[in-house]
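Each remark here refers to the structure printed beneath this line.
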Amino acid sequence: MAARLVLGLTGDNARLGEIYASELISLLGGVERAVRGSAAQMAGRAPGTRGRLPRSIADATKLRLTDIKEGSLVLEFALPDVPSDSGSLDLDDERLAESAIRAVIEVLDGSETGFPATAAALSGMAEDLDIGRRHEALSLTQLGAVPRKAVLDAEARMRLSVAVQQSTRRDEEGTLVGILYEADFEKETARLRDQLGNSVTVRFEDSHAGAIKEALRERTRLQGSVTYNEATSAVVSVELAKVMPLEQLELVTDGENFWTSRSLEDLVESQGTSVVDQIEDLQDETISDAEASAFLTALGL
């Protein structure tokens with residue numbers, strides 16, 4: 001199987017015989033929409049684009065129910081083996097499916113602003129299932145050599161709802177400066193820590209892999225399509241167009257002059273200023289004489 005996903009719905013109403021058919025439909029449809037939304041964005045479809053998905057993406061992310069277990073409702077899904085002639089993708093079908101499921105889990109784990117369609121699908125599903133009230137939580141586990149898991153609970157439901165309500169804007173010729181780290185050359189993604197300390201998702205094409213590798217752990221300027229949160233102006237993601245090294249300012253042109261001692265008189269002359277003989281000359285015009293006198297008295301002058 002290309003990829004496997006296990007869902008676990010917990011709570012007193014999550015048992016067979018207690019769960020409604022409509023809730024099961026919402027659960028299955030919501031997860032499938034979330035996976036397809038992630039896959040579509042990874043394959044180059046802009047978030048918010050309406051219309052039918054290309055058949056290649058739809059086929060590569062078609063969930064197949066393989067098992068239902070009793071207790072707290074546990075469903076196992078597998079993605080179908082897709083024929084190679086089903087269509088052309090930037091990512092091969094198997095990697096696309098695995099990456100899409102990983103993105104869904106990352107959205108649940110706190111990266112809800114990076115994949116708006118995925119966040120919207122998960123938020124709608126949380127509302128339909130009434131997560132946090134009628135049902136306690138929903139866990140998503142991606143099986144594999146390194147299993148990944150995230151939980152949709154009341155806190156995550158609220159976070160997703162807020163993220164969905166916040167609109168975004170895009171600057172097609174944006175510029176961003178920061179330090180690149182955690183590059184994944186198979187997924188063609190990286191993380192950038194910007195000048196405010198925020199972590200931003202960077203998506204790049206194979207042609208940029210060499211430049212990304214050279215820029216890792218270095219302060220770098222990126223150009224491309226930058227998506228911002230409309231409410232906070234925080235950067236959500238970057239679709240990379242160009243990597244440029246950040247030019248360093250030339251602080252000293254002559255290394256030897258840096259260590260040369262200069263007298264106060266020389267410095268005053270080179271700066272075109274004059275020596276202040278009277279401390280009163282430093283008085284700020286916005287304060288009164290009484291305030292200035294009190295200040296000098298406090299300093300013992």
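A short reminder: the numbers here are calculations on the coordinates, not readings from a lab. These figures come from a predicted structure and were not determined experimentally. Reconstructed Cβ throughout: ideal geometry from the backbone, glycine too, with neighbour counts over all protein chains shown.
Work through the residues other than Thr273 whose Cβ is under 15 Å from its Cβ and net out their charges, Lys, Arg +1 and Asp, Glu -1. Here the charged neighbours net out to -4. Ignoring lysines fewer than eight residues from Lys213 along the same chain, the ones with Cα atoms less than 18 angstrom from its Cα are Lys187, Lys242. Rounded, prolate or oblate for segment 92-163? Axes are the square roots of the Cα gyration tensor eigenvalues, ordered a ≥ b ≥ c, and the cut-off for rounded is a/c under 1.5. Here segment 92-163 falls in the prolate category.
Taking the average, over residues, of other Cβ atoms within 10 Å as the packing measure, peptides 287-293, 109-115, 13-19 rank 109-115, 13-19, 287-293 from highest down.
Other residues whose C-beta falls under 12 angstrom from the C-beta of Leu296 contribute a net charge of -3, scoring Lys and Arg +1 and Asp and Glu -1. Output the direction-averaged projected area (hull surface divided by four) of the convex hull of the alpha-carbon atoms of segment 152-196, in nm². Here the figure is 5.3 nm², rounded to one decimal. Modelled spin-label separation between Asp130 and Arg52, with each label point placed 7 Å from Cα along the Cα-to-Cβ direction: 3.7 nm. Legend: calculated FRET efficiency, Arg217 to Asp12, from the Cβ-Cβ distance at R0 = 45 Å, rounded to 0.05, equals 0.35. Scanning residues 5 or more positions from Arg45 or on other chains, none has an amide H under 5 Å from its amide H, with H placed 1.01 Å from N in the peptide plane.
For the pair segment 98-144 and segment 189-223, the centres of their Cα atoms are 26 angstrom apart. Computed over neighbours whose Cβ is under 14 Å from that of Leu65, the net charge equals +1, Lys and Arg +1, Asp and Glu -1. P(r) tail, segment 119-198: Cα-Cα pairs separated by more than 20 Å, 58% of all pairs.
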